[in-house]
Amino acid sequence: MDEDRAALARRAAEAGAAVAAERFRTDVDVERKTGKVDVVTQADRDAQAAVVDVIRERRPNDAVVGEEEDELKEIPEAGPAWVIDPIDGTNNYVRGIRVWGTAVAAVRDGD
């Protein structure tokens, strides 16, 4: 991965993490996705939006794969893409346990 994409991934992750941190240990609504432990919050959605905004500023045509909202759900086999987990550890997050993070990966041609 080139240095520009690495720096952009870091900046995007920091933006998402800032949103998540601002809402940590506040009264966040928790929704269930598919199972008992598969949950999502508005903080997840807003953190992902912050990550996507940073990426789109510099790489508007790159594919984005994300857990929340309308982003792709599978990594494209060709071309550049970004994979986002806005709050990796949402179950910890909603319980007020400080073991979570924002993950952003830059991939190219599926790698």
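Structure notes:
- Residue, nearest to ARG25 (Cα to Cα), within region 50-73, restricted to residues that are at pLDDT 90 or above and surrounded by fewer than 17 Cβ atoms within 10 Å (Cβ to Cβ): ASP53
- Every residue from region 39-68 that is over 21 Å from ALA6 (Cα atoms) and among the polar types (S, T, N, Q): THR41, GLN42
- Cβ-Cβ contacts under 6 Å between residues 6 or more apart (or on different chains), taken from a first residue in region 51-76 that is touching a residue at least 40 places away in the same chain (Cβ under 8 Å) to a second residue that is charged (D, E, K, R) and surrounded by 12 or more Cβ atoms within 10 Å (Cβ to Cβ), are listed as VAL54/ARG11.
- When region 74-87 is limited to residues that are β-branched (Val, Ile, Thr) and out of contact with any helix residue (DSSP H, G or I) (no Cβ under 8 Å at 6 or more places or on another chain), the one that is most open to solvent (accessible area, probe 1.4 Å) turns out to be ILE75.
- The set of residues in region 45-66 being among the small types (Gly, Ala, Ser), under 20 Å from GLY110 (Cβ atoms) and touching a helix residue (DSSP H, G or I) at 6+ places or on another chain (Cβ under 7 Å) consists of GLY66 alone.
- Of the candidates THR102, THR34, THR90, the single residue that is more than 16 Å from ARG10 (Cβ to Cβ), surrounded by 13 or more Cβ atoms within 10 Å (Cβ to Cβ) and polar (S, T, N, Q) is THR90.
- Unique match (being surrounded by fewer than 17 Cβ atoms within 10 Å (Cβ to Cβ) and more than 14 Å from GLU68 (Cβ to Cβ)) among ALA9, ALA13, ALA18: ALA18
The values are calculated or read from the model by the stated rules, or taken from the named source; none is laboratory data. On a predicted model such as this, the values are computed, not experimentally measured, just so you know. So basically every Cβ, Gly included, is an ideal-geometry build from the backbone, and we count neighbours across all protein chains shown. Each accessible area value is taken on the protein alone, full model and side chains, heavy atoms only, with ligands, DNA and RNA left out. Shrake-Rupley method; radii C 1.70, N 1.55, O 1.52, S 1.80 Å.
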